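This report concerns only the one structure given below.
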Amino acid sequence: MEAIRPKGISFLEEVNRSGKQIIQHCYQCQKCSVGCPVAYAMDYSPNQLIRMIQYGMKDEVLASSTIWLCASCETCTTRCPNEVDVAQLMDTLRQMALKKGIPVKERDIPEFHKAFLTSVKMGGRVYELGMMGIYKLKTRTFFKDMQLGRDMFNRGKINILPHRIRGRKEIKDIFKNAKRGR
């Protein structure tokens, strides 16, 4: 599925513009991939994905599991000697894939991201129990991970009630402005 873009703009240039960075700065030191806690589950390591972008392999990049499996922990970004924001790059690629209607290999991961953002939008920060409720309703996996959820609750890792924070209105405004494209 080739995207419609102005003539003369390569996939690399499109990614650079969308992500507001210069992917060419990556010289394949592999520090991003070595530090990635989920690289073992990816179909392409972060540095391989960057090289694929540099080579213009748009279809393969946007259809990869890698962009959806990225945990956005920013370990890769922190380790990059050339300040390539790999975590932001993954987010940019996810947005591009969604915008272009490319089917997602990891079916439930976009629902997880949406549940996460809905939770932040509603409460100003993540309310884990509410987020997982939204996620389970969307994916219809009600009993999957039930033991894990119970263990997390017993260890005090999940609160029954959401935390109250200041600035919730400002966070809602951020979502409104993002929706409008500002």
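Tabulated values for the structure
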quantity: Rh (Kirkwood; distinct C-alpha pairs) - the chain, Å; calculated: 18.2 Å
quantity: Structure-based [θ]222 nm, the chain - -39500 (n - 2.57) summed over DSSP H runs of at least 4, per residue, nearest 500; calculated: -15500 deg cm²/dmol
quantity: Mean separation of Cα contacts under 8 Å (6+ apart) over length of the chain, as relative contact order %; calculated: 17 percent
quantity: Where GluC sites (Glu not before Pro) in DSSP loops with at most 11 other Cβ within 10 Å are excluded, longest remaining stretch of the chain; calculated: 84-182
quantity: Rounded FRET efficiency, nearest 0.05, which uses the C-beta distance separating Asp108 from His25 and R0 of 25 Å; calculated: 0.15
quantity: Backbone HN-Hα couplings from phi across the range 41-49 [Karplus 6.51/-1.76/1.60, Hz, Gly and Pro as x]; calculated: 9, 7, 6, 10, 5, x, 5, 5, 4
quantity: Cysteines in the chain lacking a second Cys C-beta under 4.7 Å; calculated: Cys26, Cys29, Cys36, Cys70, Cys73, Cys80
quantity: Trypsin sites (Lys or Arg not before Pro) within the range 93-158: DSSP coil, no more than 12 neighbouring Cβ in 10 Å; calculated: Arg107, Arg140, Lys144, Arg155, Lys157
quantity: D_trans [Stokes-Einstein, Kirkwood Rh over alpha-carbon pairs] for the range 1-99, 37 °C, 0.692 mPa s, µm² s⁻¹; calculated: 246 µm²/s
quantity: If the convex hull is drawn through the Cα atoms of the range 73-173, its volume per residue in Å³; calculated: 158 Å³
quantity: Part-to-part distance (alpha-carbon centres) for the range 11-58 and the range 105-119, which is given in Å; calculated: 22 Å
quantity: Lysines whose Cα lies under 25 Å from that of Lys138, excluding same-chain neighbours fewer than 8 positions away; calculated: Lys99, Lys100, Lys105, Lys114, Lys121, Lys157, Lys172, Lys176, Lys179
quantity: Relative contact order of the range 104-182, defined on C-alpha pairs under 8 angstrom at six or more residues apart (%); calculated: 34 percent
quantity: For the range 143-153, 3J(HN,Hα) per residue [Karplus equation, 6.51 cos²θ - 1.76 cosθ + 1.60, θ = phi - 60°, Hz, x = Gly/Pro]; calculated: 9, 5, 6, 4, 5, 4, x, 5, 4, 5, 5
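Computed from the coordinates by the stated procedures, all read-outs in this text should not be read as laboratory data. Since this is a predicted model, take the numbers as computed values, not measurements. Cβ: placed from backbone, ideal geometry, glycine included. Neighbour counts: every protein chain shown.
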